[in-house]
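First up is the structure itself, then whatever we jot down about it.
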Amino acid sequence: MADLLSLHPEVGRRVAQLRAWSREFGVPFTITSAYRSPADQRRLFAAWLARGRTGLPAARPGWSTHEHGYAIDLVARDAAALRTIVDLAGCAGLVWAGPKDPVHFDVWGFAGWARLLAGRPFTPSYRC
């Protein structure tokens with residue numbers, strides 16, 4: 001069960017907007033993960049390593065936007081629905097991780113998050 005209550009309030013607002021727009025466009029989705037505790041992230045990362053890094057990637061503990069309440073993972077019904085959701089997510093201020101992690105959406109994207117963790121400024125831009 002995805003822990004939506006522990007998302008950062010602004011991220012929760014963006015996710016709610018994305019959900020409303022996706023329903024309007026007839027492309028609902030299922031959120032499979034949101035906030036993760038550090039222990040949950042350690043287990044997920046260990047499982048990913050044990051499988052030889054196959055399947056969906058998992059960030060090293062301490063590096064996941066899920067651990068800070070800034071990300072969700074979602075599943076769409078098909079590739080066409082996902083393309084629409086990716087566009088709508090951008091308008092809601094969420095960044096898609098891309099085809100290597102097709103379920104992941106957060107507020108910075110990988111490059112932005114890496115800059116923030118390194119103490120460098122980053123300002124995302126949204127195009128709708």
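For the chain, take the longest principal axis of its alpha carbons; what is the angle in degrees between that and the long axis of helix 38-50, to the nearest 10 within 0 to 90?
Rounded to the nearest ten degrees, it is 80.
Within the stretch 1-42, what residues put their amide N at less than 13 Å from the label point 7 Å along the Cα-to-Cβ vector of D87?
Zone members listed by number: 22, 25-27.
Can you give the convex hull volume of the alpha carbon atoms of the chain per residue, in Å³?
It comes to 108 Å³ per residue, whole-number rounded.
How far, in degrees from 0 to 90, does helix 9-24 lean away from the longest principal axis of the Cα atoms of the chain, to the nearest 10?
Roughly 40 degrees, rounded to the nearest 10.
Could you list the GluC sites (Glu not before Pro) in the stretch 1-81 that lie in coil according to DSSP, counting only those with at most 15 other Cβ atoms within 10 Å of their Cβ?
Loop-located and lightly packed - none at all.
For the chain, which longest stretch is free of loop sites, where a loop site is one of the trypsin sites (Lys or Arg not before Pro) that DSSP puts outside H, G, I, E and B and that has at most 14 other Cβ atoms within 10 Å?
1-50
Only the coordinates and a few stated rules stand behind these numbers; no lab work does. The structure presented is a predicted model; accordingly, all values stated were derived computationally and were not measured. Reconstructed Cβ throughout: ideal geometry from the backbone, glycine too, with neighbour counts over all protein chains shown.
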